[in-house]
C-alpha cells in the first residue's frame with residue numbers, strides 16, 4: 001500500500017490526465033456494437049470514474065469537491081455528445097459515473113485517515 005500511495009503522491013496529476021484521456025477515448029470512439037466484457041456496463045462506468053477520482057481525492061482531499069463536480073459535469077457532457085459519434089448516451093451512465101466519484105472520495109477518506117503521514121505534501 002505504501003508504494004501505491006507514494007506513486008499517487010508523486011504522479012497524481014499524470015494519473016488523472018491519463019485516466020481522463022482513456023475514459024474520453026473509450027466513451028467517444030465510434031463502435032458498431034459494444035464489446036462483450038464480463039460484468040455490468042454500469043459497474044464499468046463506476047469503476048472508471050472511481051479510478052479517475054481516486055488520485056485526486058487521495059492527493060488533494062481539500063479540493064475533491066471541485067474535481068468531483070468537474071468530473072461529473074464532464075461525464076454529463078460525454079453522455080450528450082455520444083449520440084453524435086454512433087454511441088448511446090444514457091443518463092443512468094451519468095448516475096453510475098457519479099457513484100464512482102463518490103466511492104473514490106469515500107475510499108480516499110479512509111486511506112487518508114489510515115495513512116495520514118503518507119499523503120502530506
Among residues of segment 68-81 being in contact (Cβ under 8 Å) with a residue 24 or more places away in the chain and in contact with a helix residue (DSSP H, G or I) (Cβ under 7 Å, 6 or more places away or on another chain), the residue surrounded by the fewest Cβ atoms within 10 Å (Cβ to Cβ) is 81
Could you tell me whether segment 109-116 includes any residue that is within 16 Å of residue 19 (Cβ to Cβ) and either surrounded by 19 or more Cβ atoms within 10 Å (Cβ to Cβ) or in contact with a helix residue (DSSP H, G or I) (Cβ under 7 Å, 6 or more places away or on another chain) (or both)? no
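Please work out if residue 3 is crowded, with 17+ Cβ neighbours inside 10 Å and out of contact with any strand residue (DSSP E or B) (no Cβ under 9 Å at 6 or more places or on another chain).
Details: crowded, with 17+ Cβ neighbours inside 10 Å: no; out of contact with any strand residue (DSSP E or B) (no Cβ under 9 Å at 6 or more places or on another chain): yes.
When the stated conditions are applied, residue 3 does not pass them.
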So for segment 24-31 (the condition being in a helix (DSSP H, G or I), within 10 Å of the chain's Cα centre (by Cα) and surrounded by 11 or more Cβ atoms within 10 Å (Cβ to Cβ)), does at least one residue qualify? no
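Restricting attention to segment 84-94, does a residue exist that is more than 18 Å from the chain's Cα centre (by Cα) and part of a helix (DSSP H, G or I)?
To start, the set of residues in segment 84-94 that are more than 18 Å from the chain's Cα centre (by Cα) comprises 84-88.
The next check asks that each one be part of a helix (DSSP H, G or I); those that pass are 84-85.
Yes, segment 84-94 contains a residue that is more than 18 Å from the chain's Cα centre (by Cα) and part of a helix (DSSP H, G or I).
Bear in mind these aren't lab numbers, they're just calculated from the coordinates by the rules spelled out. All figures in this text were calculated on a predicted structure; none of them were measured in a lab. With ideal geometry, Cβ positions are generated from the backbone for all residues, glycine too; neighbour counts draw on all protein chains shown.
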